[in-house]
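S.K.: Here it is: the structure, laid out below.
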Amino acid sequence: MSTAGEREPIAVIGAGYVGLVSAAGFAELGSEVWCVDIDAAKIERLRAGEVPIHEPGVQELLRRNAGTLHFSTDLAGALEHARLLFVAVGTPPTYSGDADLSAVHAVVEAIPPSEEHALVMKSTVPCGTGAALQRSFRERGKGGLGYVSCPEFLREGSAVHDFMHPDRVVVGIDEHDSWAGDAVVELYASLGVPLVRTDIASAEMVKLASNAFLATKISFINEIANVCEETGADVVEVARGMGLDTRIGPRFLHAGIGYGGSCFPKDVDALKQLAGNSGYHFQLLTAVIEVNELQKRRVIAKLHKHLGGLAGRRVALFGLAFKPETDDMRDASSLVLAARLNADGARVVAYDPVAEEQARRMVSGIEFAGSALEAAGDADAVVLVTEWPEFQTLDWGLVAERMRGVLVIDGRNALDPDAVRAAGLTYEGVGRSAQRRAGEREPDARVPGGSR
């Protein structure tokens with residue numbers, strides 16, 4: 001346990017995206033950290049210095065803080081050294097749309113009765129989970145355990161930066177657990193960022209409401225893009241004009257083929273389900289979800305428009321991960337596109353610089369290429385799915401030489417339309433005007449989607 005003048009040692013339960021970044025981040029801030037996961041193979045890799053996820057900056061933090069990071073499958077050692085137990089286990093959606101809290105309950109089951117320890121919930125859980133867990137503590141003779149809600153706001157691909165430079169830190173506590181809340185606040189104090197100290201239910205709702213609002217903003221600009229395609233307006237210009245309004249702001253106003261990843265789809269569904277379970281029909285989120293699903297299928301409609309039937313056509317997907325700088329394939333748009341293309345009889349070839357290993361576990365019936373140019377070989381059409389930087393600097397003349405057809409669908413509005421057209425290819429973006437002036441800069445409105 002910590003003594004005066006020292007930083008609080010902590011335990012992190014769960015070594016996934018959130019847990020591993022949090023463990024590395026707290027170690028960087030000066031805490032000794034015990035990271036626990038039930039996956040023995042993952043723990044062995046971490047002990048050997050291998051990072052099981054693709055997240056920029058994590059490898060460097062783990063290497064630099066190797067002396068204060070401990071990895072184990074045994075919770076007992078963590079309990080011996082740390083009183084704050086940060087819970088960062090998965091809470092995936094169930095078939096009903098509710099969050100699967102089985103991993104959270106497994107953690108509670110594994111912790112013995114104690115008046116010296118507190119659970120600090122990093123996992124995204126429905127509003128009301130904290131109260132339910134505290135009842136469970138009492139029923140199991142563990143009423144002395146403290147509880148803090150401290151939701152994470154990390155975006156995959158920039159999670160290390162987000163940990164070290166958060167917009168805010170939210171700490172939800174009950175009065176009788178003030179010691180735990182004080183300890184968590186102290187851990188983040190050196191970051192010098194706004195602190196929201198509130199009740200547990202409100203802290204839980206902050207996370208769900210934040211992600212639902214950002215998802216709504218994405219679906220809104222996608223709807224505007226679809227109207228732009230009918231009216232001749234350019235959504236890039238529209239977003240630029242909208243984003244200069246300080247009440248709106250430019251972030252998450254980048255039209256594309258929809259949001260994905262481990263947070264937005266899950267959290268929007270969870271909030272909609274939570275409202276429904278409480279007797280309230282959240283009509284707005286119903287529309288947000290519907291727009292997001294239809295947006296992916298509009299790509300298929302554009303392919304049909306240019307190519308006619310897709311049976312036997314070769315379609316190249318540039319990018320598979322749900323966003324750049326991650327290998328996460330959860331709810332990636334590429335999953336829907338690949339499935340629909342296969343159903344229409346197309347031959348699908350895909351290239352992603354990082355996510356192929358993960359994609360092979362989740363996608364069937366497609367061919368994987370070793371580069372963008374290889375994927376473009378004999379393709380009737382290319383679809384940009386993930387805006388990896390290397391796709392934005394491609395030599396489109398070489399791409400045109402490799403392709404059999406001429407169609408390029410820019411699903412993220414990330415390419416230079418003039419460069420694509422100059423190569424003799426047909427460019428189609430999302431809500432883009434064909435009259436966009438040559439050499440005109442993109443607005444600073446594009447922010448990769450993800451968990452924030």
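S.K.: When you check N211 against the structure, is it buried (at least 24 other Cβ atoms within 10 Å of the Cβ) and of a type in the set (S, T, N, Q), yes or no?
M.R.: Working: buried (at least 24 other Cβ atoms within 10 Å of the Cβ): yes; of a type in the set (S, T, N, Q): yes.
Criteria met by N211.
S.K.: Ok, one more. In region 312-331, how many residues are among the β-branched types (V, I, T) and in a loop (DSSP other than H, G, I, E, B)?
M.R.: Of the residues in region 312-331, the ones among the β-branched types (V, I, T) are 315, 326.
Checking the rest, the ones that are also in a loop (DSSP other than H, G, I, E, B) come to 326.
Matching residues across region 312-331 total 1.
S.K.: Do we have Y147 as surrounded by 14 or more Cβ atoms within 10 Å (Cβ to Cβ), modelled with pLDDT of 95 or more, hydroxyl-bearing (S, T, Y) and assigned to a strand (DSSP E or B) here? Steps first, please.
M.R.: Working: surrounded by 14 or more Cβ atoms within 10 Å (Cβ to Cβ): yes; modelled with pLDDT of 95 or more: yes; hydroxyl-bearing (S, T, Y): yes; assigned to a strand (DSSP E or B): yes.
Spelling it out, Y147 is indeed surrounded by 14 or more Cβ atoms within 10 Å (Cβ to Cβ), modelled with pLDDT of 95 or more, hydroxyl-bearing (S, T, Y) and assigned to a strand (DSSP E or B).
S.K.: Quick check on region 103-114. Is at least one of its residues under 20 Å from the mean Cα position of the chain (by Cα), in the same structural domain as G144 (by TED's automatic domain parsing), more than 21 Å from D177 (Cβ to Cβ) and buried (at least 16 other Cβ atoms within 10 Å of the Cβ)?
M.R.: Yes.
S.K.: Continuing with the same structure: Could you check, for region 205-220, whether at least one of its residues is in contact (Cβ under 8 Å) with a residue 60 or more places away in the chain and closer than 18 Å to L85 by Cβ?
M.R.: Within region 205-220, none of the residues are in contact (Cβ under 8 Å) with a residue 60 or more places away in the chain and closer than 18 Å to L85 by Cβ.
S.K.: Ok, one more. Just one of the numbered conditions (1) part of a helix (DSSP H, G or I); (2) under 21 Å from C127 (Cβ atoms) is not true of R197; which one?
M.R.: (1)
S.K.: Which residues, taken from region 233-278, are small (G, A, S), more than 18 Å from A332 (Cβ to Cβ) and at pLDDT below 95?
M.R.: Correct list: A270, A275, G276, S278.
S.K.: When region 49-76 is examined, which residues are found to be part of a helix (DSSP H, G or I) and touching an Asp or Glu at 6+ places or on another chain (Cβ under 8 Å)?
M.R.: Of everything in region 49-76, those that are part of a helix (DSSP H, G or I) and touching an Asp or Glu at 6+ places or on another chain (Cβ under 8 Å) turn out to be L61, R64, T68.
S.K.: Any residue in region 178-204 that is touching a residue at least 40 places away in the same chain (Cβ under 8 Å) sitting within a Cβ distance under 7 Å of a residue that is part of a helix (DSSP H, G or I) and polar (S, T, N, Q)? List the pairs, counting only those 6 or more apart or interchain.
M.R.: Pairs that qualify, where the first residue is touching a residue at least 40 places away in the same chain (Cβ under 8 Å) and the partner is part of a helix (DSSP H, G or I) and polar (S, T, N, Q), are E204/T129.
S.K.: Could you give me the residue pairs with C-beta distances under 8 Å whose first residue belongs to region 47-75 and is assigned by TED's automatic domain parsing to the domain that holds V18 and closer than 12 Å to C35 by Cα, whose second residue is exposed (fewer than 13 other Cβ atoms within 10 Å of the Cβ) and modelled with pLDDT of 95 or more wherever it lies, and which are 6+ apart or on separate chains?
M.R.: Once the first residue is assigned by TED's automatic domain parsing to the domain that holds V18 and closer than 12 Å to C35 by Cα and sits in region 47-75, its partners that are exposed (fewer than 13 other Cβ atoms within 10 Å of the Cβ) and modelled with pLDDT of 95 or more give T73/A40.
S.K.: So E387 ticks every box in (1) crowded, with 20+ Cβ neighbours inside 10 Å; (2) in a helix (DSSP H, G or I) but one. Which box is left unticked?
M.R.: E387 satisfies all of (1) crowded, with 20+ Cβ neighbours inside 10 Å; (2) in a helix (DSSP H, G or I) except (2).
S.K.: Output yes when any residue across region 354-372 is under 17 Å from I409 (Cα atoms) and not small (G, A, S), and no when none is.
M.R.: First, pick out the residues of region 354-372 that are under 17 Å from I409 (Cα atoms): 372.
Still in the running and not small (G, A, S): none.
For region 354-372, residues under 17 Å from I409 (Cα atoms) and not small (G, A, S): absent.
S.K.: Residue check, C127 against (1) surrounded by fewer than 17 Cβ atoms within 10 Å (Cβ to Cβ); (2) at pLDDT below 95; (3) touching a Leu at 6+ places or on another chain (Cβ under 9 Å); (4) not hydroxyl-bearing (S, T, Y), all met but one. Which one?
M.R.: It is condition (1) that C127 fails.
S.K.: From the list L274, L253, pick out the single residue that is in contact (Cβ under 8 Å) with a residue 24 or more places away in the chain, hydrophobic (A, V, I, L, M, F, W, C), touching a helix residue (DSSP H, G or I) at 6+ places or on another chain (Cβ under 9 Å) and not in a loop (DSSP other than H, G, I, E, B).
M.R.: That would be L274, the only listed residue that is in contact (Cβ under 8 Å) with a residue 24 or more places away in the chain, hydrophobic (A, V, I, L, M, F, W, C), touching a helix residue (DSSP H, G or I) at 6+ places or on another chain (Cβ under 9 Å) and not in a loop (DSSP other than H, G, I, E, B).
S.K.: For region 150-189: of the residues being among the charged types (D, E, K, R), assigned to a helix (DSSP H, G or I) and over 20 Å from the mean Cα position of the chain (by Cα), which is modelled with the lowest pLDDT? Give the steps one after another, and end with the answer.
M.R.: Quick first cut of region 150-189, residues among the charged types (D, E, K, R) only: 152, 155-156, 162, 167-168, 174-175, 177, 182, 186.
Restricting the remaining residues to those that are assigned to a helix (DSSP H, G or I) gives 162, 175, 177, 182, 186.
Next cut, over 20 Å from the mean Cα position of the chain (by Cα) only: 175, 177, 182, 186.
Details: E175: 78, D177: 73, D182: 95, E186: 96.
Result: D177.
The values are calculated or read from the model by the stated rules, or taken from the named source; none is laboratory data. What you are looking at is a predicted structure, and each value in this text was computed from that prediction instead of being measured. Every residue, glycine among them, receives a Cβ derived from its backbone with ideal geometry; neighbour counts consider all protein chains shown.
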